[in-house]
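The values are calculated or read from the model by the stated rules, or taken from the named source; none is laboratory data. Since we're looking at a predicted model, the values are computed, not measured. Glycine gets a Cβ as well: all are built from the backbone with ideal geometry, and neighbour counts include every protein chain shown.
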Amino acid sequence: MQVKTPLLDGVKLPRDLRDLDVGQLPQLVDELRAELIDAVSYTGGHLGAGLGVVELTVALHRVFDTPKDKVIWDVGHQAYPHKILTGRRERIRTLRQGGGLSGFTKRAESEYDPFGAGHSSTSISAGQGMAVARDLSGGDNNVVAVIGDGAMSAGMAYEALNNAGARNENLIVILNDNDMSIAPPVGALSNYLARITSSGTYLHLREVAKQLAQILPKTWERRAARAEEYTRTYWTGGTLFEELGFYYVGPIDGHDLDILLKVLENVRDAKKGPVLIHVVTRKGKGYAPAEASDDKYHGVAKFNVVTGAQDKPVPNAPGYTKVFAHSLIEEARKDDKIVAVTAAMPGGTGLDLFGKEFPTRMFDVGIAEQHGVTFAAGLATQGYKPFTAIYSTFLQRAYDQVVHDVAIQKLPVRFALDRAGLVGADGPTHAGSFDIAYLGCLPNFVLMAAADEAELKHMVATAAQIDDRPSAFRYPRGEGVGVDLPDEGIPLEIGKGRILREGTTVALVSLGTRLGECYRAADQLATYGLSTTVADARFAKPIDSDMIRRLAREHEVLITVEEGSVGGFGSYVLHDLAEAGLLERHLKVRSMVLPDFYIDHDKPDKMYGMAGLAADGIVAKVLSAMGRDAAIDKADLA
């Protein structure tokens, strides 16, 4: 048996792919799929979506002249094969590691990434902007947006389709349908129709017919257009996209290279305004464990390639997400008005567990955070108690709804903000950096941050009792600190913190899970002869003015520590102390927040070290405030 010469080793960039014979492409597809599986088994990451678009990725870079032609991958979950083919194969095993490749497309990483993405449903809008810019500049390159069917549940995608269809720039949108059944089954007939209807001959005849219809009576023109549309979309299912102004092609088999290449070539050469190509793929394609998995291995830890078994370490403590889910279930058992809302993340937020026990009280609205927030507001107007579980970074997409539909109306929507602070491998697009600042500035809000998993349980109980205004509680990704969980959550007194260690010189006031680092910093400060108080603020709003002002009066240095941006808890403390006239006395106040730059993906402890929010950074901040040098003090103590 003749051994085939490997092809992927010779494909450093897409131009090398274009030099191959068409007959060699199936072998390249197999090698690319194997390389993807092996790489992600080493790093972890998003696997299923990438496996589903291997053929599509090869076809796109074969047909289009990238990077002159712009290919925009929505979200980036689908983009790992694209990264391998665009000069990043040698670094693919650094994916999502510190100093390595991003798990998403990133403009600073490659000229083949024309648009960075971490949140979904942005590709069509960005693509339209690039198409308009091309036309204004007199260019002739192609612009292709590849969007997954899940991302099509977001309103932004339809806003972009509506605008692009009305403007009529040459723009190609590829709908990667890998989950939902939104069209007839793929088969020989639909492949044939897609090939025919995307051909230059058909498009030319269609254009001639349109021009002819324009000189005929209007009733004839309307009848001719309607007959053409109904005849074609009866077979292809594209009426919606046609109504939005797109020429629809599909559905086609996304794993049939011959079909993909021909249709993409036809559409590339036609240049007849906005076109949507409906491609049906299988998430997890070509890897049996992924194909058999419920989520098709959407996101995985490191795994054994042969067995598919993931290398998930045994947690030392329950994860915050699971603690939230079980706490909410306990509250819902006591109160049938409690309902839960998520935006396409039931598993990520833990609400899949809630849904199993209360299937009629859990609502997944899809990737539609704006709708989800206002939907929850509507529930609240009717006496229900909605807990809206949305990652901190994704709630940014619904800020107008939070302000107008919830806060102004003082509706008691409860926001469970998962992934608060820095999140590790997903990097800055998924970091929950800004919610303290963007929610704390809103009138009527109660804003809490859990220091540990026990506190989270109490905060769920607290939110369940707040019936006169909106509230939010934030907690990080990952496992808790290992404290004993109470049998039940006990509602906290609104706006009251707690002092956990009494000292005399330095006061460290933590909001959130930096509390453990504050304890460690206090121990280190003791070696400098500095007696330190450690307090847990619990509430960013309303802040515990009595506690803060007492600490200000009784200590020489007061440091606030939070896992959020400038403009958050520390700013509220400074404002309160200024109003009380306590900044005019001999008091040194400093606020420790995330730095004014985005921190790239890495392990969370390293990221917090870089941010200066670990114990050593807190100690350095205290000594700096006191005008002391840590190195000199250590030498004196020695």
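For region 155-177, state whether one or more residues are under 18 Å from the mean Cα position of the chain (by Cα) and among the hydrophobic types (A, V, I, L, M, F, W, C). The answer is yes, given that some residue of region 155-177 is under 18 Å from the mean Cα position of the chain (by Cα) and among the hydrophobic types (A, V, I, L, M, F, W, C). Report yes if Val305 is more than 25 Å from Gly427 (Cα to Cα), touching a residue at least 60 places away in the same chain (Cβ under 8 Å), surrounded by 22 or more Cβ atoms within 10 Å (Cβ to Cβ) and outside the structural domain of Met152 (by TED's automatic domain parsing), otherwise no. Taking the combined requirement at face value, the residue does not satisfy it. For the condition at pLDDT below 90, assigned by TED's automatic domain parsing to the domain that holds Ala126 and assigned to a loop (DSSP other than H, G, I, E, B), Ser41 does not qualify.
With respect to the stated conditions, Gln396 is in contact (Cβ under 8 Å) with a residue 24 or more places away in the chain, assigned to a helix (DSSP H, G or I), under 27 Å from Lys603 (Cβ atoms) and of a type outside the set (Asp, Glu).
Give Thr57, Thr66 a once-over and let me know the one that is assigned to a loop (DSSP other than H, G, I, E, B) and out of contact with any Cys (no Cβ under 7 Å at 6 or more places or on another chain). Unique residue meeting the criteria: Thr66. A Cβ distance below 6 Å, combined with a sequence gap of six or more or placement on separate chains, defines the contacts here; from region 139-166, residues that are under 19 Å from Leu56 (Cα atoms) and charged (D, E, K, R) reach residues that are modelled with pLDDT under 95 and outside any helix (DSSP H, G or I) in the pairs Asp149/Asp177; Asp149/Asp179; Asp149/Met180.
Might you check whether a residue that is modelled with pLDDT of 90 or more, hydrophobic (A, V, I, L, M, F, W, C), within 30 Å of Lys606 (Cα to Cα) and part of a helix (DSSP H, G or I) occurs anywhere in region 108-127? Looking through region 108-127, none of the residues is modelled with pLDDT of 90 or more, hydrophobic (A, V, I, L, M, F, W, C), within 30 Å of Lys606 (Cα to Cα) and part of a helix (DSSP H, G or I).
Consider region 567-595 and keep the residues that are in contact (Cβ under 8 Å) with a residue 24 or more places away in the chain and farther than 25 Å from Arg628 by Cα. The one that is surrounded by the fewest Cβ atoms within 10 Å (Cβ to Cβ) is Ala580. Considered as a group, the residues in region 303-343 that are under 24 Å from the mean Cα position of the chain (by Cα) and of a type in the set (Ser, Thr, Tyr) include one that is nearest to Lys356 (Cα to Cα), and that residue is Thr342. Of the strands (runs of 3 or more DSSP E) lying entirely inside region 467-565, those containing at least 1 residues that are closer than 29 Å to Ile329 by Cα and in contact with a helix residue (DSSP H, G or I) (Cβ under 7 Å, 6 or more places away or on another chain) are 471-474, 506-511, 532-536, 539-541, 557-562. There is at least one residue in region 99-121 that is surrounded by fewer than 16 Cβ atoms within 10 Å (Cβ to Cβ), in contact (Cβ under 8 Å) with a residue 12 or more places away in the chain and among the small types (Gly, Ala, Ser). Of all the criteria given as (1) modelled with pLDDT of 90 or more; (2) within 28 Å of Lys302 (Cα to Cα); (3) among the charged types (D, E, K, R), the one not satisfied by Asp140 is (2).
Being of a type in the set (Val, Ile, Thr), in the same structural domain as Val173 (by TED's automatic domain parsing) and either at pLDDT 90 or above or touching a strand residue (DSSP E or B) at 6+ places or on another chain (Cβ under 9 Å) (or both) is the requirement here; does Thr231 meet it? Before the answer, list the steps.
Numbers: of a type in the set (Val, Ile, Thr): yes; in the same structural domain as Val173 (by TED's automatic domain parsing): yes; either at pLDDT 90 or above or touching a strand residue (DSSP E or B) at 6+ places or on another chain (Cβ under 9 Å) (or both): no.
Here the answer is no, as Thr231 does not meet what is asked.
Taken over region 235-291, the criterion of being free of Cβ contacts under 8 Å to residues at least 12 places away in the same chain and over 29 Å from the mean Cα position of the chain (by Cα) is satisfied by Thr239, Glu243, Asp258.
Are any residues in region 522-561 touching an Asp or Glu at 6+ places or on another chain (Cβ under 8 Å), in contact (Cβ under 8 Å) with a residue 40 or more places away in the chain and among the basic types (Lys, Arg), and if so, which ones? Listed by number, the list holds a single entry, Arg538. With respect to being among the polar types (S, T, N, Q), more than 17 Å from Thr281 (Cβ to Cβ), free of Cβ contacts under 8 Å to residues at least 60 places away in the same chain and assigned by TED's automatic domain parsing to the domain that holds Ala157, Gln24 fits the description.
Here Val58, Val40 are screened, and the one residue that is buried (at least 23 other Cβ atoms within 10 Å of the Cβ) and over 26 Å from Glu265 (Cβ atoms) is Val40.
Condition (residue is surrounded by fewer than 22 Cβ atoms within 10 Å (Cβ to Cβ), among the small types (Gly, Ala, Ser) and modelled with pLDDT of 95 or more) applied to region 445-465: is it met by at least one residue? Yes: region 445-465 contains one or more residues that are surrounded by fewer than 22 Cβ atoms within 10 Å (Cβ to Cβ), among the small types (Gly, Ala, Ser) and modelled with pLDDT of 95 or more.
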